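Have a look at the structure below, then the notes.
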Amino acid sequence: MRFNKMKESESLLDVFRRRFLLEIVVFTSGALVMIYEIAGSRILAPYIGTSTYVWTSLIGVILASLSVGYWIGGKIADQQPELKYLSGVMFLAAAMLSATILLHEFILTMLAVSSLGLEIKSVIAALILFAPASVLFGFVTPYAIKLKMLSIENAGQTVGRLSALSTVGSILGTFTAGFFLLPFVGSLRTLYLIAGLLLLLSILLAPFKLTITNLFVILLFLSAIGANEFYRFALFQTIGLRDFDTQYSRIRVFRSTDKKTNKPITALTIDPLSTQSAIFADSDDLVFDYTKYYHLLRHFKPKFQQTLMIGGAGYSFPKDYLQKYQNAALDVVEIDPQMTEIARHYFRLQDNPRLKIIHQDGRVFLNQSPDEKYDAVLLDAYNSLYSIPFQLTTIEAVRRLDKILKPDGIVILNTISALKGSGSLFLQAEYKTFAHVFPTIYLFKVKLEQPADVPQNVIIVACKSNCPAPTNGADEETVNLLENYYDEPLDLTMPALTDDLAPVEYYNSLAQSASRR
(Lines give C-alpha, C1' and ligand atoms only; values in the text may rest on other atoms or scores of the structure.)
Protein backbone atom coordinates (compact mmCIF):
# COMPACT_ATOMS: atom_id res chain seq x y z
CA MET A 1 0.00 0.00 0.00
CA ARG A 2 1.60 3.28 -1.11
CA PHE A 3 0.77 6.77 0.09
CA ASN A 4 -1.25 8.58 -2.59
CA LYS A 5 -3.43 11.65 -2.56
CA MET A 6 -6.69 11.23 -0.71
CA LYS A 7 -9.36 9.47 -2.67
CA GLU A 8 -13.09 9.66 -2.04
CA SER A 9 -13.16 5.89 -1.53
CA GLU A 10 -10.71 6.09 1.41
CA SER A 11 -12.03 4.81 4.72
CA LEU A 12 -11.52 6.67 7.99
CA LEU A 13 -8.84 4.12 8.91
CA ASP A 14 -7.04 4.87 5.65
CA VAL A 15 -7.21 8.60 6.38
CA PHE A 16 -5.90 8.05 9.89
CA ARG A 17 -3.03 5.96 8.61
CA ARG A 18 -2.09 8.48 5.97
CA ARG A 19 -2.27 11.57 8.16
CA PHE A 20 -1.21 10.49 11.65
CA LEU A 21 -0.02 6.90 11.91
CA LEU A 22 3.57 7.40 10.82
CA GLU A 23 3.94 10.30 13.26
CA ILE A 24 2.60 8.08 16.06
CA VAL A 25 4.93 5.25 15.05
CA VAL A 26 8.02 7.50 15.00
CA PHE A 27 7.10 9.13 18.33
CA THR A 28 6.39 5.80 20.02
CA SER A 29 9.48 4.17 18.59
CA GLY A 30 11.63 7.00 19.96
CA ALA A 31 10.09 6.51 23.39
CA LEU A 32 10.41 2.73 23.37
CA VAL A 33 14.09 2.68 22.45
CA MET A 34 14.97 4.81 25.49
CA ILE A 35 12.75 2.75 27.78
CA TYR A 36 14.45 -0.34 26.36
CA GLU A 37 17.92 1.06 27.10
CA ILE A 38 17.14 2.07 30.67
CA ALA A 39 15.33 -1.19 31.44
CA GLY A 40 18.31 -3.01 29.95
CA SER A 41 20.58 -1.73 32.70
CA ARG A 42 18.33 -3.38 35.28
CA ILE A 43 18.16 -6.63 33.31
CA LEU A 44 21.97 -6.84 33.39
CA ALA A 45 22.42 -5.65 37.00
CA PRO A 46 21.89 -8.93 38.91
CA TYR A 47 24.43 -10.71 36.72
CA ILE A 48 27.19 -8.24 35.80
CA GLY A 49 26.47 -5.26 38.04
CA THR A 50 25.79 -1.58 37.46
CA SER A 51 29.25 -0.12 36.94
CA THR A 52 30.16 2.46 34.31
CA TYR A 53 31.47 -0.43 32.21
CA VAL A 54 27.95 -1.84 32.00
CA TRP A 55 26.38 1.51 31.12
CA THR A 56 29.13 2.30 28.62
CA SER A 57 28.67 -1.04 26.86
CA LEU A 58 24.90 -0.79 26.81
CA ILE A 59 24.78 2.77 25.49
CA GLY A 60 27.57 2.18 22.98
CA VAL A 61 26.09 -1.02 21.57
CA ILE A 62 22.59 0.43 21.30
CA LEU A 63 23.85 3.59 19.57
CA ALA A 64 25.91 1.53 17.15
CA SER A 65 22.92 -0.73 16.46
CA LEU A 66 20.65 2.24 15.86
CA SER A 67 23.17 3.62 13.38
CA VAL A 68 23.16 0.33 11.48
CA GLY A 69 19.36 0.43 11.52
CA TYR A 70 19.29 3.99 10.17
CA TRP A 71 21.54 2.97 7.27
CA ILE A 72 19.58 -0.19 6.43
CA GLY A 73 16.23 1.56 6.82
CA GLY A 74 17.20 4.40 4.53
CA LYS A 75 18.58 2.06 1.89
CA ILE A 76 15.53 -0.25 1.82
CA ALA A 77 13.14 2.71 1.95
CA ASP A 78 14.49 3.94 -1.40
CA GLN A 79 13.91 0.52 -2.94
CA GLN A 80 10.59 -0.62 -1.40
CA PRO A 81 8.73 2.20 0.40
CA GLU A 82 5.65 0.26 1.52
CA LEU A 83 3.85 0.16 4.85
CA LYS A 84 3.87 -3.62 4.99
CA TYR A 85 7.69 -3.68 5.21
CA LEU A 86 7.72 -1.19 8.09
CA SER A 87 5.02 -3.27 9.77
CA GLY A 88 7.12 -6.41 9.31
CA VAL A 89 10.19 -4.77 10.84
CA MET A 90 8.28 -3.74 13.96
CA PHE A 91 6.79 -7.23 14.19
CA LEU A 92 10.31 -8.66 13.98
CA ALA A 93 11.50 -6.21 16.67
CA ALA A 94 8.79 -7.60 18.97
CA ALA A 95 10.13 -11.09 18.22
CA MET A 96 13.69 -10.03 19.16
CA LEU A 97 12.43 -8.54 22.41
CA SER A 98 10.53 -11.72 23.17
CA ALA A 99 13.72 -13.71 22.62
CA THR A 100 15.53 -11.40 25.07
CA ILE A 101 12.82 -11.99 27.68
CA LEU A 102 12.99 -15.75 27.12
CA LEU A 103 16.78 -16.22 27.02
CA HIS A 104 18.24 -13.46 29.20
CA GLU A 105 18.47 -15.61 32.35
CA PHE A 106 20.42 -18.38 30.63
CA ILE A 107 22.75 -16.06 28.68
CA LEU A 108 23.53 -13.75 31.60
CA THR A 109 24.09 -16.63 34.02
CA MET A 110 26.65 -18.12 31.63
CA LEU A 111 28.41 -14.76 31.32
CA ALA A 112 28.35 -14.13 35.08
CA VAL A 113 30.25 -17.34 35.87
CA SER A 114 32.74 -16.93 33.03
CA SER A 115 36.32 -15.80 33.58
CA LEU A 116 35.99 -12.91 31.12
CA GLY A 117 36.77 -9.38 32.24
CA LEU A 118 33.86 -7.16 33.21
CA GLU A 119 34.37 -5.00 30.11
CA ILE A 120 34.09 -8.02 27.78
CA LYS A 121 31.10 -9.45 29.66
CA SER A 122 29.28 -6.13 29.38
CA VAL A 123 29.85 -5.78 25.64
CA ILE A 124 28.88 -9.40 24.90
CA ALA A 125 25.70 -9.15 26.98
CA ALA A 126 24.67 -5.92 25.25
CA LEU A 127 25.42 -7.33 21.78
CA ILE A 128 23.49 -10.57 22.26
CA LEU A 129 20.48 -9.26 24.15
CA PHE A 130 20.01 -5.67 22.97
CA ALA A 131 21.67 -5.14 19.59
CA PRO A 132 19.19 -7.07 17.35
CA ALA A 133 16.08 -5.19 18.45
CA SER A 134 17.99 -1.87 18.47
CA VAL A 135 18.93 -2.30 14.79
CA LEU A 136 15.23 -2.71 14.02
CA PHE A 137 14.34 0.34 16.11
CA GLY A 138 16.81 2.35 14.02
CA PHE A 139 15.09 1.17 10.85
CA VAL A 140 11.86 2.99 11.73
CA THR A 141 12.60 6.73 11.39
CA PRO A 142 14.33 6.85 7.97
CA TYR A 143 11.76 4.44 6.53
CA ALA A 144 8.86 6.49 7.92
CA ILE A 145 10.39 9.69 6.52
CA LYS A 146 10.58 8.14 3.06
CA LEU A 147 6.95 6.99 3.22
CA LYS A 148 5.80 10.42 4.34
CA MET A 149 7.72 12.16 1.59
CA LEU A 150 5.85 10.16 -1.03
CA SER A 151 2.68 12.04 -0.21
CA ILE A 152 3.87 15.62 0.43
CA GLU A 153 6.32 18.01 -1.16
CA ASN A 154 7.89 19.74 1.85
CA ALA A 155 10.76 17.30 2.35
CA GLY A 156 12.79 19.40 4.77
CA GLN A 157 9.77 20.13 6.92
CA THR A 158 8.85 16.44 6.96
CA VAL A 159 12.33 15.34 8.03
CA GLY A 160 12.45 17.99 10.75
CA ARG A 161 9.00 17.20 12.10
CA LEU A 162 9.51 13.42 12.26
CA SER A 163 13.00 13.79 13.72
CA ALA A 164 11.62 16.14 16.37
CA LEU A 165 8.81 13.69 17.15
CA SER A 166 11.33 10.89 17.58
CA THR A 167 13.43 13.03 19.92
CA VAL A 168 10.42 14.18 21.97
CA GLY A 169 9.36 10.54 22.22
CA SER A 170 12.83 9.62 23.48
CA ILE A 171 12.64 12.33 26.13
CA LEU A 172 9.22 11.18 27.27
CA GLY A 173 10.37 7.56 27.27
CA THR A 174 13.38 8.41 29.42
CA PHE A 175 11.29 10.08 32.12
CA THR A 176 8.57 7.43 31.91
CA ALA A 177 11.09 4.62 32.39
CA GLY A 178 12.96 6.24 35.27
CA PHE A 179 10.05 7.79 37.17
CA PHE A 180 7.29 5.25 36.59
CA LEU A 181 7.98 2.00 34.75
CA LEU A 182 11.05 0.72 36.61
CA PRO A 183 9.88 1.54 40.16
CA PHE A 184 6.24 0.51 39.68
CA VAL A 185 6.15 -2.00 36.81
CA GLY A 186 9.61 -3.59 36.96
CA SER A 187 12.30 -4.07 34.36
CA LEU A 188 11.22 -7.38 32.84
CA ARG A 189 7.54 -6.51 32.72
CA THR A 190 8.54 -3.25 31.03
CA LEU A 191 9.98 -5.41 28.24
CA TYR A 192 6.58 -7.14 27.98
CA LEU A 193 5.02 -3.72 27.47
CA ILE A 194 7.54 -2.69 24.79
CA ALA A 195 7.07 -5.93 22.84
CA GLY A 196 3.29 -5.68 23.10
CA LEU A 197 3.26 -2.09 21.81
CA LEU A 198 5.46 -3.07 18.87
CA LEU A 199 3.02 -5.83 17.95
CA LEU A 200 0.11 -3.39 18.18
CA LEU A 201 1.81 -0.77 16.01
CA SER A 202 2.71 -3.42 13.48
CA ILE A 203 -0.91 -4.50 13.17
CA LEU A 204 -2.05 -0.87 12.83
CA LEU A 205 0.43 -0.28 10.01
CA ALA A 206 -0.78 -3.22 7.92
CA PRO A 207 -3.57 -5.79 8.21
CA PHE A 208 -2.53 -8.82 10.25
CA LYS A 209 -2.30 -12.08 8.32
CA LEU A 210 -2.24 -15.45 10.06
CA THR A 211 0.93 -16.79 8.50
CA ILE A 212 3.26 -19.35 10.05
CA THR A 213 5.84 -16.63 10.73
CA ASN A 214 3.34 -14.32 12.37
CA LEU A 215 1.91 -17.15 14.45
CA PHE A 216 5.42 -18.10 15.57
CA VAL A 217 6.13 -14.52 16.73
CA ILE A 218 2.87 -14.36 18.68
CA LEU A 219 3.60 -17.73 20.32
CA LEU A 220 7.17 -16.62 21.08
CA PHE A 221 5.86 -13.47 22.78
CA LEU A 222 3.32 -15.39 24.86
CA SER A 223 5.82 -18.16 25.67
CA ALA A 224 8.44 -15.64 26.83
CA ILE A 225 6.00 -14.01 29.22
CA GLY A 226 4.68 -17.37 30.42
CA ALA A 227 8.13 -18.86 30.97
CA ASN A 228 9.41 -15.79 32.80
CA GLU A 229 6.36 -15.55 35.06
CA PHE A 230 6.51 -19.28 35.80
CA TYR A 231 10.22 -19.01 36.65
CA ARG A 232 9.55 -16.10 39.00
CA PHE A 233 6.71 -18.02 40.64
CA ALA A 234 8.90 -21.13 41.03
CA LEU A 235 11.66 -19.09 42.70
CA PHE A 236 9.12 -17.49 45.00
CA GLN A 237 7.76 -20.90 45.98
CA THR A 238 11.19 -22.48 46.57
CA ILE A 239 13.29 -19.69 48.13
CA GLY A 240 10.75 -16.91 48.61
CA LEU A 241 12.49 -14.72 46.00
CA ARG A 242 11.14 -11.21 45.73
CA ASP A 243 12.46 -8.91 43.03
CA PHE A 244 12.33 -5.11 43.42
CA ASP A 245 13.27 -2.38 40.96
CA THR A 246 13.89 0.77 42.97
CA GLN A 247 15.02 4.22 41.90
CA TYR A 248 18.63 3.21 42.44
CA SER A 249 19.05 -0.54 41.97
CA ARG A 250 17.49 -3.92 41.42
CA ILE A 251 17.14 -5.70 44.76
CA ARG A 252 16.48 -9.38 45.35
CA VAL A 253 15.39 -10.77 48.71
CA PHE A 254 15.32 -14.53 49.26
CA ARG A 255 15.58 -17.35 51.79
CA SER A 256 18.85 -19.23 52.09
CA THR A 257 21.10 -21.08 54.54
CA ASP A 258 24.17 -19.70 56.25
CA LYS A 259 27.15 -21.81 55.17
CA LYS A 260 28.92 -21.39 58.50
CA THR A 261 26.09 -22.31 60.88
CA ASN A 262 23.59 -24.06 58.54
CA LYS A 263 20.90 -21.83 60.01
CA PRO A 264 18.14 -20.42 57.80
CA ILE A 265 18.60 -16.79 56.80
CA THR A 266 16.87 -14.09 54.78
CA ALA A 267 19.34 -12.48 52.38
CA LEU A 268 19.44 -9.37 50.19
CA THR A 269 21.56 -8.94 47.08
CA ILE A 270 22.03 -6.41 44.30
CA ASP A 271 24.71 -8.32 42.34
CA PRO A 272 25.68 -11.88 41.36
CA LEU A 273 28.88 -12.30 43.37
CA SER A 274 27.94 -11.27 46.87
CA THR A 275 25.12 -10.86 49.35
CA GLN A 276 24.82 -7.39 50.84
CA SER A 277 22.75 -8.18 53.94
CA ALA A 278 21.32 -11.16 55.78
CA ILE A 279 19.55 -11.99 59.04
CA PHE A 280 19.00 -15.27 60.83
CA ALA A 281 15.42 -16.44 60.90
CA ASP A 282 15.49 -16.86 64.69
CA SER A 283 17.82 -14.10 65.93
CA ASP A 284 19.38 -10.72 65.17
CA ASP A 285 22.96 -11.98 65.54
CA LEU A 286 25.24 -10.76 62.78
CA VAL A 287 25.46 -13.25 59.90
CA PHE A 288 28.54 -11.94 58.08
CA ASP A 289 31.92 -11.85 59.77
CA TYR A 290 32.96 -8.55 58.18
CA THR A 291 30.11 -6.67 59.89
CA LYS A 292 31.51 -7.68 63.29
CA TYR A 293 34.61 -5.62 62.60
CA TYR A 294 32.62 -2.43 62.97
CA HIS A 295 32.64 -3.26 66.69
CA LEU A 296 36.34 -2.39 66.64
CA LEU A 297 35.11 1.14 67.29
CA ARG A 298 34.87 0.27 71.00
CA HIS A 299 38.59 -0.57 70.97
CA PHE A 300 39.87 2.35 68.90
CA LYS A 301 37.33 4.89 70.20
CA PRO A 302 36.09 3.56 73.56
CA LYS A 303 34.04 6.58 74.66
CA PHE A 304 31.86 7.02 71.60
CA GLN A 305 28.41 8.56 71.78
CA GLN A 306 27.49 9.57 68.23
CA THR A 307 28.27 7.38 65.21
CA LEU A 308 27.56 7.79 61.51
CA MET A 309 27.11 4.82 59.16
CA ILE A 310 27.00 5.32 55.39
CA GLY A 311 25.18 2.41 53.73
CA GLY A 312 22.16 0.78 55.35
CA ALA A 313 21.04 -2.10 53.10
CA GLY A 314 19.33 -4.59 55.44
CA TYR A 315 20.36 -2.60 58.54
CA SER A 316 21.88 -5.66 60.24
CA PHE A 317 24.72 -3.80 61.93
CA PRO A 318 22.64 -0.74 62.94
CA LYS A 319 20.26 -3.05 64.80
CA ASP A 320 23.19 -4.79 66.51
CA TYR A 321 24.75 -1.43 67.41
CA LEU A 322 21.56 -0.18 69.06
CA GLN A 323 21.21 -3.41 71.00
CA LYS A 324 24.79 -3.47 72.32
CA TYR A 325 25.38 0.23 72.96
CA GLN A 326 22.39 1.45 74.94
CA ASN A 327 23.84 4.91 75.57
CA ALA A 328 24.96 5.66 72.01
CA ALA A 329 23.12 7.07 68.99
CA LEU A 330 23.51 6.18 65.32
CA ASP A 331 22.80 8.12 62.12
CA VAL A 332 22.47 5.95 59.01
CA VAL A 333 22.72 7.46 55.53
CA GLU A 334 21.04 5.22 52.95
CA ILE A 335 20.51 6.61 49.47
CA ASP A 336 17.56 4.37 48.58
CA PRO A 337 14.28 4.93 50.52
CA GLN A 338 12.86 1.67 49.17
CA MET A 339 15.87 -0.20 50.56
CA THR A 340 14.84 1.03 54.00
CA GLU A 341 11.25 -0.09 53.43
CA ILE A 342 12.52 -3.53 52.40
CA ALA A 343 14.58 -3.65 55.62
CA ARG A 344 11.49 -2.80 57.64
CA HIS A 345 9.41 -5.47 55.94
CA TYR A 346 11.89 -8.34 55.62
CA PHE A 347 14.78 -7.61 58.02
CA ARG A 348 12.95 -6.63 61.21
CA LEU A 349 14.07 -3.00 61.18
CA GLN A 350 12.09 -0.99 63.73
CA ASP A 351 11.97 2.65 64.73
CA ASN A 352 14.26 3.63 67.58
CA PRO A 353 14.74 7.10 69.13
CA ARG A 354 18.52 6.58 68.98
CA LEU A 355 18.41 5.74 65.25
CA LYS A 356 18.15 8.49 62.64
CA ILE A 357 17.83 7.45 58.99
CA ILE A 358 18.75 9.95 56.27
CA HIS A 359 17.90 9.12 52.65
CA GLN A 360 20.64 10.92 50.76
CA ASP A 361 23.78 10.27 48.76
CA GLY A 362 26.60 9.63 51.21
CA ARG A 363 28.97 12.17 49.68
CA VAL A 364 26.30 14.87 49.63
CA PHE A 365 25.66 14.18 53.31
CA LEU A 366 29.38 14.45 54.10
CA ASN A 367 29.58 17.78 52.29
CA GLN A 368 26.66 19.18 54.29
CA SER A 369 27.34 17.68 57.71
CA PRO A 370 28.61 19.96 60.53
CA ASP A 371 32.26 19.72 61.53
CA GLU A 372 33.34 17.60 64.52
CA LYS A 373 29.92 16.01 65.00
CA TYR A 374 30.76 12.29 65.09
CA ASP A 375 32.99 10.05 67.19
CA ALA A 376 33.16 7.44 64.43
CA VAL A 377 32.14 6.96 60.81
CA LEU A 378 31.41 3.47 59.47
CA LEU A 379 31.42 3.02 55.69
CA ASP A 380 29.64 0.11 54.00
CA ALA A 381 28.23 1.61 50.79
CA TYR A 382 28.41 -0.43 47.60
CA ASN A 383 27.10 -0.22 44.06
CA SER A 384 27.73 -3.83 43.12
CA LEU A 385 30.51 -6.31 42.42
CA TYR A 386 33.10 -4.99 44.91
CA SER A 387 32.55 -1.39 43.79
CA ILE A 388 32.26 1.40 46.37
CA PRO A 389 30.66 4.52 44.86
CA PHE A 390 33.69 6.43 43.62
CA GLN A 391 32.62 9.72 45.22
CA LEU A 392 33.10 8.13 48.66
CA THR A 393 36.63 6.91 47.93
CA THR A 394 38.45 10.08 46.95
CA ILE A 395 40.77 12.35 48.90
CA GLU A 396 38.10 15.08 48.85
CA ALA A 397 35.65 12.69 50.54
CA VAL A 398 38.30 11.57 53.06
CA ARG A 399 38.99 15.20 53.98
CA ARG A 400 35.29 15.65 54.67
CA LEU A 401 35.37 12.54 56.86
CA ASP A 402 38.21 14.14 58.78
CA LYS A 403 36.23 17.38 59.17
CA ILE A 404 33.05 15.81 60.56
CA LEU A 405 34.97 13.69 63.10
CA LYS A 406 35.81 14.85 66.59
CA PRO A 407 39.55 15.31 67.30
CA ASP A 408 40.06 11.67 68.32
CA GLY A 409 37.51 10.18 65.90
CA ILE A 410 37.94 7.11 63.70
CA VAL A 411 36.77 5.74 60.35
CA ILE A 412 36.09 2.05 59.75
CA LEU A 413 35.72 1.13 56.07
CA ASN A 414 34.79 -2.22 54.55
CA THR A 415 36.54 -2.88 51.22
CA ILE A 416 36.61 -5.95 48.99
CA SER A 417 40.10 -6.37 47.63
CA ALA A 418 43.14 -8.61 47.52
CA LEU A 419 46.12 -7.62 49.65
CA LYS A 420 48.68 -8.48 46.99
CA GLY A 421 48.79 -8.78 43.21
CA SER A 422 46.58 -7.26 40.52
CA GLY A 423 43.46 -7.61 42.66
CA SER A 424 44.90 -5.25 45.30
CA LEU A 425 45.06 -2.05 43.24
CA PHE A 426 41.95 -0.51 44.77
CA LEU A 427 43.17 -1.23 48.31
CA GLN A 428 46.54 0.32 47.47
CA ALA A 429 44.90 3.47 46.09
CA GLU A 430 42.42 3.76 48.96
CA TYR A 431 45.08 3.18 51.62
CA LYS A 432 47.24 5.91 50.08
CA THR A 433 44.20 8.21 49.87
CA PHE A 434 43.48 7.82 53.59
CA ALA A 435 47.19 8.14 54.43
CA HIS A 436 47.16 11.67 52.97
CA VAL A 437 44.72 12.73 55.71
CA PHE A 438 44.81 10.27 58.64
CA PRO A 439 48.08 9.69 60.53
CA THR A 440 47.31 6.14 61.67
CA ILE A 441 45.83 3.35 59.53
CA TYR A 442 45.34 -0.32 60.36
CA LEU A 443 44.23 -3.18 58.10
CA PHE A 444 42.30 -6.30 59.13
CA LYS A 445 42.00 -9.40 56.99
CA VAL A 446 38.58 -10.92 57.67
CA LYS A 447 39.47 -14.38 56.35
CA LEU A 448 42.91 -14.95 57.78
CA GLU A 449 43.34 -18.31 56.07
CA GLN A 450 42.65 -16.97 52.57
CA PRO A 451 45.64 -16.27 50.26
CA ALA A 452 46.63 -12.61 50.09
CA ASP A 453 46.19 -12.45 46.30
CA VAL A 454 42.51 -13.48 46.47
CA PRO A 455 39.96 -10.68 47.00
CA GLN A 456 38.04 -10.70 50.27
CA ASN A 457 36.71 -8.28 52.87
CA VAL A 458 39.56 -6.09 54.10
CA ILE A 459 38.74 -3.63 56.88
CA ILE A 460 40.48 -0.25 57.02
CA VAL A 461 40.60 1.53 60.37
CA ALA A 462 41.80 5.14 60.11
CA CYS A 463 42.41 7.25 63.22
CA LYS A 464 42.31 11.03 63.27
CA SER A 465 44.88 11.05 66.05
CA ASN A 466 47.14 8.36 67.49
CA CYS A 467 44.82 5.61 68.63
CA PRO A 468 45.35 2.37 70.60
CA ALA A 469 47.54 -0.35 69.12
CA PRO A 470 45.68 -3.26 67.49
CA THR A 471 46.42 -5.53 70.49
CA ASN A 472 45.15 -6.32 73.96
CA GLY A 473 41.41 -6.21 73.46
CA ALA A 474 39.26 -5.62 76.51
CA ASP A 475 36.85 -8.48 75.77
CA GLU A 476 36.90 -11.83 73.98
CA GLU A 477 35.10 -10.61 70.85
CA THR A 478 37.51 -7.71 70.42
CA VAL A 479 40.51 -9.97 71.03
CA ASN A 480 39.33 -12.29 68.27
CA LEU A 481 38.89 -9.37 65.87
CA LEU A 482 42.29 -7.89 66.65
CA GLU A 483 43.97 -11.21 65.92
CA ASN A 484 43.25 -10.60 62.22
CA TYR A 485 45.37 -7.45 62.14
CA TYR A 486 47.38 -7.45 58.91
CA ASP A 487 50.83 -5.98 59.46
CA GLU A 488 52.59 -6.94 56.24
CA PRO A 489 53.63 -4.00 54.03
CA LEU A 490 51.42 -3.09 51.09
CA ASP A 491 52.72 -2.38 47.61
CA LEU A 492 51.64 1.27 47.42
CA THR A 493 52.34 1.98 43.76
CA MET A 494 48.86 3.25 42.92
CA PRO A 495 48.19 7.00 43.19
CA ALA A 496 45.62 8.40 45.60
CA LEU A 497 42.06 8.71 44.33
CA THR A 498 40.59 12.12 43.52
CA ASP A 499 37.24 13.43 42.37
CA ASP A 500 38.85 14.04 39.00
CA LEU A 501 40.44 10.58 38.67
CA ALA A 502 39.07 7.60 40.57
CA PRO A 503 39.15 4.48 38.32
CA VAL A 504 37.26 2.38 40.84
CA GLU A 505 35.52 0.27 38.17
CA TYR A 506 38.85 -0.56 36.53
CA TYR A 507 40.33 -1.74 39.82
CA ASN A 508 37.09 -3.61 40.46
CA SER A 509 37.39 -5.44 37.14
CA LEU A 510 40.91 -6.55 37.99
CA ALA A 511 39.76 -7.76 41.41
CA GLN A 512 36.99 -9.81 39.80
CA SER A 513 39.48 -11.40 37.41
CA ALA A 514 41.78 -12.21 40.35
CA SER A 515 38.84 -13.76 42.18
CA ARG A 516 38.00 -15.96 39.19
CA ARG A 517 41.60 -17.15 38.94
Legend entry - Value of relative contact order over the range 315-383, rounded to a whole percent, pairs C-alpha under 8 Å and six or more apart: 34
Inset, instruction - Can you tell me the order of 343-349, 278-284, 507-513 when each peptide is scored by its average per-residue count of other Cβ atoms within 10 angstrom, highest first? - result: 507-513, 343-349, 278-284
Inset, instruction - Could you check how much of the accessible area of the chain is carbon and sulfur, as a whole percent, using a 1.4 Å probe? - result: 60
Legend entry - Relative contact order (%) - criterion: Cα under 8 Å, at least six apart; region: the chain: 14
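Per residue, how much accessible area does the chain have with a 1.4 Å probe, in Å²?
Per residue, the chain has 44 Å² of solvent-accessible surface.
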Legend entry - Where trypsin sites (Lys or Arg not before Pro) fall in DSSP loop in the range 117-226, at most 12 other Cβ within 10 Å: K209
Legend entry - Distance between the range 188-221 and the range 392-415 - C-alpha centres, whole angstrom: 55
Inset, instruction - Starting from the Cα of K420, draw a straight line to each of the lysines and keep only those under 28 Å, dropping any in the same chain fewer than 8 residues away. - result: K121, K259, K260, K292, K432, K445, K447, K464
Inset, instruction - Please quote Rg/Rh for the chain to two decimal places, taking the Kirkwood radius as Rh and restricting both calculations to Cα atoms. - result: 1.07
Inset, instruction - May I ask you to list the trypsin sites (Lys or Arg not before Pro) in the range 353-384 that are in a DSSP loop and have at most 10 other Cβ atoms within 10 Å of their Cβ? - result: none
Inset, instruction - Kindly write out, for the range 284-294 in residue order, the coupling ³J(HN,Hα) from the Karplus curve 6.51 cos²θ - 1.76 cosθ + 1.60 (θ = phi - 60°), rounded to whole Hz, with x marking Gly and Pro. - result: 9, 4, 5, 7, 8, 4, 4, 5, 5, 6, 5
Inset, instruction - Counting only C-alpha contacts under 8 Å and six or more residues apart, can you give the relative contact order of the range 276-424 as a whole percent? - result: 24
Legend entry - Rounded Å value of the spacing that divides the Cα centres of the range 231-248 and the range 325-349: 22
Legend entry - Rounded tilt (10° steps) of 83-112 against the dominant C-alpha axis of the chain: 20
Legend entry - Low-density loop positions, GluC sites (Glu not before Pro), the range 457-517 - DSSP coil, at most 15 other Cβ in 10 Å: E483
Inset, instruction - Give me the lysines in straight-line cross-link reach of K75: C-alpha distance below 28 Å, same-chain residues under 8 apart excluded. - result: K5, K84, K146, K148, K209
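For the peptides 487-495, 39-47, what is the packing order when you average, over each peptide's residues, the other Cβ atoms within 10 Å and list the highest mean first?
39-47, 487-495
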Inset, instruction - Using +1 at the Cβ of each Lys and Arg and -1 at the Cβ of each Asp and Glu in the range 377-498, identify which of L481, F390, V454 lies farthest towards the dipole's positive end. - result: F390
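The values are calculated or read from the model by the stated rules, or taken from the named source; none is laboratory data. On a predicted model such as this, the values are computed, not experimentally measured, just so you know. Virtual Cβ from ideal backbone geometry, glycine too; neighbours counted across all protein chains shown. Surface areas here come from the heavy atoms of the whole protein model, side chains and all, with no ligands, DNA or RNA. Shrake-Rupley method; radii C 1.70, N 1.55, O 1.52, S 1.80 Å.
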